[in-house]
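The values are calculated or read from the model by the stated rules, or taken from the named source; none is laboratory data. The model shown is predicted, which means the values in this text are computed figures rather than measured ones. With ideal geometry, Cβ positions are generated from the backbone for all residues, glycine too; neighbour counts draw on all protein chains shown.
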Amino acid sequence: MLSLIIALIIMLLLVSITPTKNAPRILVMLGGTMPEGIIQEVTYFFCIFGIMDVLHLLGKISDEKKALSQHLLPEKENWVLNAEDANKIKLNVQQIEHKKNIC
C-alpha cells in the first residue's frame, strides 16, 4: 500500500511539472505524460515494492542474527538435545526475556 502511495506521488509530481506542449524528453521518459506514463507508474510501483520487501527481509535477517549470537542452542555437530539441555535452553530464554522486560 505504501509503495502505491509513493508511486502515485511521484507520478503526480511528474505530471504536474511536465508542460503539455513540447515537453522535455527526460520528463516524457520518466512518465510525465499521460496516458503513456501509466506504464512507468507501474514500473515505479514494483521497484519501490521490491526495495521495501528487501529492506523488510534484511530486518528479519538482522533479528535472526541477534538471536543466534546469544548462543542459546548447542553449536556442536550431531548434538542430540535431551531433557536437561531443553530445560537449560528454556531457563536461558526466560532469563533473557526477563532482562528485556526490566530494561
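What the table below lists for this structure:
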item: Number of the condition not met by Gly59 [criteria: (1) exposed (fewer than 12 other Cβ atoms within 10 Å of the Cβ); (2) at pLDDT below 90]; result: (2)
item: Lone qualifier among Ile48, Ile26 - being in contact (Cβ under 8 Å) with a residue 40 or more places away in the chain and of a type in the set (A, V, I, L, M, F, W, C); result: Ile48
item: Single residue of the stretch 76-103 satisfying the filter (at pLDDT 80 or above, aliphatic (A, V, I, L, M) and part of a helix (DSSP H, G or I)) that is farthest from Lys66 (Cα to Cα); result: Ala83
item: Criterion violated by Gln70 - all others in (1) surrounded by 12 or more Cβ atoms within 10 Å (Cβ to Cβ); (2) under 26 Å from the mean Cα position of the chain (by Cα); (3) not in a helix (DSSP H, G or I) satisfied; result: (1)
item: From Glu75, Glu84, Glu41, residue being of a type in the set (Asp, Glu) and touching a helix residue (DSSP H, G or I) at 6+ places or on another chain (Cβ under 7 Å); result: Glu41
item: Boolean, Ser62 is among the small types (Gly, Ala, Ser), within 26 Å of the chain's Cα centre (by Cα) and within 30 Å of Gln94 (Cα to Cα); result: yes
